[in-house]
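Every read-out reported here was derived from the displayed coordinates using simple, explicitly stated rules and does not represent laboratory data. Everything quoted here is computed from the prediction, not taken from an experiment. As a convention, Cβ positions derive from the backbone with ideal geometry for all residues, glycine included, and neighbour counts pool all protein chains shown.
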Amino acid sequence: MTPIISVEHLSKTYKISHQNNRPDSFREVVGSYLKFNRLKKKAPEFETFYALNDVSFEIQEGEVLGIIGSNGAGKSTLLKILSRITEPTSGRVCLNGRVASLLEVGTGFHPELTGRENIFLNGSILGMEHSEIRKKFDEIVDFSGVERFLDTPVKRYSSGMYVRLAFSVAAHLEPEILLVDEVLAVGDIRFQKKCLQKMKDVSQTGRTVLFVSHNLTAIRTLCTSCLWVGQGQIQFNGKTSECIEKYIASNSKSSSNSYWENPESAFKEDRVRVARVKASRDEDGIVKNDFFTMNSPITIQIKVETKQSLHFRATLHFLIKSGEIAFTSYGQPEREQDEKSPAGSYEFTCTVPADLLNEEIYSIRLIIFEDWIHELVVLEDVISLDVRDTTTRELGAWQGREPGPLHPKLNWEVKSQ
Amino acid sequence: MKQPTLIIEAGRSEKNYWLDLWRYRELFLILAWRDISVRYKQTFVGVSWALLQPFLQIVVFTLVFSWLLNTPSEGDAPYAIMAFAAMLPWQFFATALTNSSQSVVGSSNLISKVYFPRLIVPCASMVVCLIDFLIASLIFGLLALWYQFLPDWRILTLPFFLLVAFLAALGPGLLIAAMNVRYRDFRYVLPFIIQFGLYASAVPISLSLIREKLLALPYGEHLYQLYCLNPMVGVIDGFRWALLGGESQLYWPGFCISLAAILIMLWVGIHFFRKTERTFADII
């Protein structure tokens, strides 16, 4: 079967000028000619920036392809080339179907025109024919839920109404290939849900969807396969879950391992020193420490050496981004009442259970206390845990991060009466 | 409606560009309709502006040129009618040129988000000027009534000269529109061209008077033909011929020279526009 989209060695470069020597006004152009090359021409300080660099892939009909990558990785450039807004510098693309691109909701909406007029305007801009719009007009209006304001200029709409109307027009496009860029970023949860449902419907009728988003949960829910673009190149192309995992691992902000070989650098207090703090997750018997997930336990190991007998314990503070403490926990050597632990090496192992943490970067503060009150060692941000959500949610569900510093799984029982 | 394979490649001049243009004709109509309906939404201001501007200018011209300076008219038509017959295409040309040259920069949000043949934008922006032209024509009608002046059959040729005026504005319009994308200061050139062009195209003066003066010089005939390189000279000559009727004459060699200049400008405009339109989205 021939692929519906095939991209071969696609590159797109932009020239970035460092000295701002590219004339922005016609006056400067004329001016530069009038200088008669008195000085030898300076070598132009251009840097070629590869927005896309030798990208090749194929998409089969009916596939829903997610495209992920950090900002500036080239995702949007790719969509812009596919939708013919800009042309590639080299390489080629073959498209075997009508393309509609939705890079923005409400492109071309005119504030002075009424909702009704804007439906026709926006529809044509997105490539629908007049007769097609007329046929679907009622459906579009129904979907948007703004019937009452159809003859009001859209400048008087609330931003929610505006987006809903704009999206309903876009949702009624019927291309063979639909390119969507980050439309989930706008709108509330109801809108987001409608949006995803519609994309699902589109793909179920055998059409092909390319979906750029930073919302990995939505990508996971929706996409059959996934493309990770980074630094203008394809980093990975394949199964969605695998692709997302690789992507997360690459940009994880975890630093899960801290150790000190040189004793002096580790602590000022000479009775105790922290040799190592390390976090890892155990997934199907494989120990990983690149990033952490909400639904697998995390093991934190702390190695402490003491030089004299002490009455001490290790306390962990889990801090969220705002600097607040989400929770604390401590552990201490086993001992009798009031008995001091002898000098030596101790290893603390703390297990943070699965289904407790939220999607968050936790910064860990380690404190070694003596006799409950004296802080012998305080290590700020000794490790940090980048915890990600890798669960797949059902389509109708909220696809974003849940609020709150923690997201524990609690027992719920519901009886119908 | 299965579409044939579309290939996107660097520098590929799309073979079906003109076909695409045809396919997007509805977008052209919609964009033109948008401009018109936005302009006339606040109806009173929109319409009265289109009426008032040329009318006041004619009043001034009549006072200065006819009453004060005794400038002769063309044939047997009253001076105000003669001036207005030139003001009609000139006003159309000036607004069409201004609109089209601002159009591409003005719709940067569309250009950076959707594909369509970019040529649609400047063309559609000129349509609203046609409506202004029709309204100004009404004033011409009233003025003709006032002077009890009746045009003859030649008025039927007016659409042809209007088309020529449209093309005359389109060529430089496309050129400036494309230049404007890169060099934003280009728009400052425009008011100057329009201000100067009003006199350079002999809107308040009879062309036969200019011709008479030039013919008195050596190589007068050629000098006048050189003058006809100004596209609007041919258009205005044509408009006067069509509207004033009677004794007014159309100088055909001059008209052909103007027409040739218009077509050359059009060719240059379209080529430049098409050559640069692929990069619009990158630099706009």
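Which distance in Å, rounded to a whole number, links the C-alpha centroids of the range A:160-176 and the range A:121-151?
Here the two parts' Cα centres lie 8 Å apart.
Equivalent-ellipsoid semi-axes (√(5λ), Cα gyration tensor) for the range A:283-417, whole Å, largest first?
With the √(5λ) rule applied to the range A:283-417, the semi-axes are 34, 16, 15 Å.
Averaged across B:177-188, how many Cβ atoms of other chains sit within 10 Å of each residue's Cβ atom?
The per-residue average across the peptide is 3.
Quickly estimate the mean residue ellipticity at 222 nm for the protein assembly as shown, helices only: each DSSP H run with n ≥ 4 gives -39500 (n - 2.57), and the total goes over all residues, rounded to 500.
-13500 deg cm²/dmol
For all pairs of alpha-carbon atoms in the range A:191-346, what percent lies in each bin of width 10 Å, listed from the first bin to the last filled one?
Here the calculated profile for the range A:191-346 is 8, 25, 25, 19, 11, 9, 3, 0.
Name the most mobile residue of A:Lys75, A:Lys12, A:Lys340, meaning the one with the largest mean-square fluctuation, in a Gaussian network model of chain A with Cα contacts below 10 Å.
A:Lys340
What is the projected area of the convex hull of the Cα atoms of the protein assembly as shown, averaged over all directions, in nm²? Walk me through the numbers before you get to the answer.
Numbers: hull surface 191.7 nm².
Convex hull of Cα atoms, orientation-averaged projection: 47.9 nm².
Using 5 Å bins from zero, what percent of all Cα-Cα pairs in the range B:12-129 falls into each bin?
2, 10, 15, 16, 14, 11, 9, 8, 6, 4, 3, 1, 0
Quick one: check the C-alpha center-to-center distance for the range B:265-281 versus the range B:111-127, whole angstrom.
12
For the ranges B:255-263, A:366-374, A:224-232, what's the packing order if you count other beta-carbon atoms within 10 Å of each residue, average per peptide, and put the highest first?
Descending mean neighbour count gives A:224-232, B:255-263, A:366-374.
Could you list, by residue number, the cysteines of chain A that have no other cysteine's beta carbon within less than 4.7 Å of their beta carbon?
So, A:Cys94, A:Cys195, A:Cys223, A:Cys350.
Mind checking Rg over Rh on the range B:199-245, alpha carbons, Kirkwood formula for Rh?
The Rg/Rh ratio comes out at 0.97.
Taking R0 as 51 Å, what FRET efficiency do you get between A:Thr205 and B:Ile210 from their Cβ-Cβ distance, rounded to the nearest 0.05?
With a Förster radius of 51 Å, E is 0.15.
So if we plug the beta-carbon distance of B:Thr279 and A:His214 into 1/(1 + (r/R0)^6) with R0 = 25 Å, what FRET efficiency do we get, rounded to 0.05? Can you show the working numbers first?
Values: r = 28 Å, r/R0 = 1.13.
Plugging the Cβ-Cβ distance into 1/(1 + (r/R0)^6) gives 0.30.
Please compute the Kirkwood hydrodynamic radius over the range B:190-284, one decimal place, Å, based on all pairs of different Cα atoms. Mind showing how you got there, number by number?
On the way: mean 1/r = 0.0663 Å⁻¹.
Over the range B:190-284, the inverse of the mean reciprocal pair distance is 15.1 Å.
Could you work out which residue, out of B:Leu266, B:Leu88, B:Leu226, moves most in a Gaussian network model of chain B, that is, has the largest mean-square fluctuation with Cα springs under 10 Å?
B:Leu226
Tell me the Kirkwood radius of the range A:324-373: reciprocal of the mean inverse pair distance over distinct alpha-carbon atoms, in Å.
For the range A:324-373, the Kirkwood estimate is 14.0 Å.
On a C-alpha basis, how far is the centre of the range A:296-361 from the centre of the range B:165-221 in Å? Whole number, if you could?
Between the Cα centre of the range A:296-361 and that of the range B:165-221, the gap is 84 Å.
What area, in nm² and to one decimal, does the C-alpha convex hull of chain A cast on average over all directions?
33.9
Tally the DSSP beta bridges in the protein assembly as shown and give the antiparallel ones as a percent, rounded to 5.
The antiparallel fraction comes to roughly 80 percent.
Please report Rg (one decimal) and Dmax (integer) in Å for the Cα set of the range B:163-216.
Spelled out, the Cα radius of gyration and Dmax of the range B:163-216 are 15.0, 46 Å.
Please compute, for peptide A:115-125, the average count of beta-carbon atoms on other protein chains lying within 10 Å of each residue's beta-carbon.
Numbers: counts 0, 0, 5, 1, 0, 4, 6, 2, 3, 10, 10.
Mean inter-chain Cβ contacts per residue within 10 Å come to 4.
Rounded to the nearest whole Å³, what is the per residue volume of the convex hull around the Cα atoms of the range A:104-151?
71
Can I get the semi-axes of the range A:47-104's equivalent ellipsoid? Compute them from the C-alpha gyration tensor as square roots of 5 times the eigenvalues, in angstrom, largest first. Don't skip to the answer; put the middle values down first.
On the way: eigenvalues 77, 39, 30 Å².
With the √(5λ) rule applied to the range A:47-104, the semi-axes are 20, 14, 12 Å.
Could you give the Stokes-Einstein D for chain B in µm² per second, using the C-alpha Kirkwood radius, 4 °C, 1.567 mPa s? Could you put the intermediate results ahead of the total?
On the way: Rh = 20.3 Å.
Answer, rounded: 64 µm²/s.
Checking the table A:Lys193/A:Lys246; A:Lys80/A:Lys321; A:Lys135/A:Lys198; A:Lys200/A:Lys253; A:Lys12/A:Lys200; A:Lys136/B:Lys41 against a 24 Å threshold on Cα-Cα, which pairs fail?
Numbers: A:Lys193/A:Lys246 27 Å; A:Lys80/A:Lys321 35 Å; A:Lys135/A:Lys198 19 Å; A:Lys200/A:Lys253 32 Å; A:Lys12/A:Lys200 31 Å; A:Lys136/B:Lys41 26 Å.
Table pairs above 24 Å Cα-Cα are A:Lys193/A:Lys246; A:Lys80/A:Lys321; A:Lys200/A:Lys253; A:Lys12/A:Lys200; A:Lys136/B:Lys41.
Please express the shape of the range B:121-194 as an equivalent ellipsoid: the semi-axes are the square roots of 5 times the eigenvalues of the C-alpha gyration tensor, given largest first in whole angstrom.
Values: eigenvalues 208, 38, 22 Å².
Semi-axis lengths for the range B:121-194 are 32, 14, 10 Å.
Compute the orientation-averaged projected area for the range B:85-145 from the convex hull of its Cα atoms and round it to one decimal in nm².
Reported value for the Cα convex hull: 4.2 nm².
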